[in-house]
Amino acid sequence: MLSQRKFVVELLAKAGMLNANSAPTPMILQKLTSGSDKLLPDAQQCRSIVGSLLYVCHTCPDIAFSINRVAQFMHAPCESHLVAVKRILCYLVGTIDYGLVFTAGRSSGRSITAFADADLGRGRGSVVQALLDDLKEDQQEVPVIWCDNKSTVALSMHVNYVPTSHQVVDGLTKPLRE
């Protein structure tokens, strides 16, 4: 198993978070923006932790997106960015014993604990975010995109037969009346 347990423990100690509670996800729900609150007095420490987290990404790809988002604001980190960095560290507290397993040939009998798809949902989320930005709508939180097909299933459950003679328009054969 390929992991960086020792490095992560040292990083948690450096950040003073060895005894922190674990978090279920590495990302906070609030939208990260630049200049949203006051700048950190010690930005160097925050930058150092983010740099170390970028290194941890090699064995923890599930934190890559979160670190990427935080790293975009390291030119002038604010308190909200430090909160996001601490959230990633709390996530690492709960996943410190996880790692990458490479086997040759046959399965080792281990199961997948985490799966990282770096582009899953990005298409929908980035389109919504770009639209809101173009409309100059200030969003304090990241839009949550729920994906389901319950409404489609509900529509298909209530299908009624309508004879062609009673249909106002049959899109394939009849033109609209003027």
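The values are calculated or read from the model by the stated rules, or taken from the named source; none is laboratory data. Keep in mind the model is a prediction, meaning the values are calculated, not measured. In this analysis, Cβ positions are derived from the backbone assuming ideal geometry, glycine residues included, and neighbour counts consider all displayed protein chains.
Summary table below
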| item | result |
| --- | --- |
| Complete set of residues in the stretch 1-58 that are loosely packed, with under 14 Cβ neighbours inside 10 Å, within 30 Å of ALA130 (Cα to Cα) and in contact with a Ser or Thr (Cβ under 6 Å, 6 or more places away or on another chain) | ASP37 |
| Wholly within the stretch 1-91, helices (runs of 4 or more DSSP H) carrying at least 2 residues that are among the polar types (S, T, N, Q) | 43-56, 64-71 |
| Set LEU89, LEU82: member being touching a Cys at 6+ places or on another chain (Cβ under 7 Å) and of a type outside the set (D, E, K, R) | LEU82 |
| Criterion (of a type outside the set (Lys, Arg) and either more than 22 Å from the chain's Cα centre (by Cα) or not assigned by TED's automatic domain parsing to the domain that holds LEU100 (or both)) met by exactly one of LEU40, LEU32 | LEU40 |
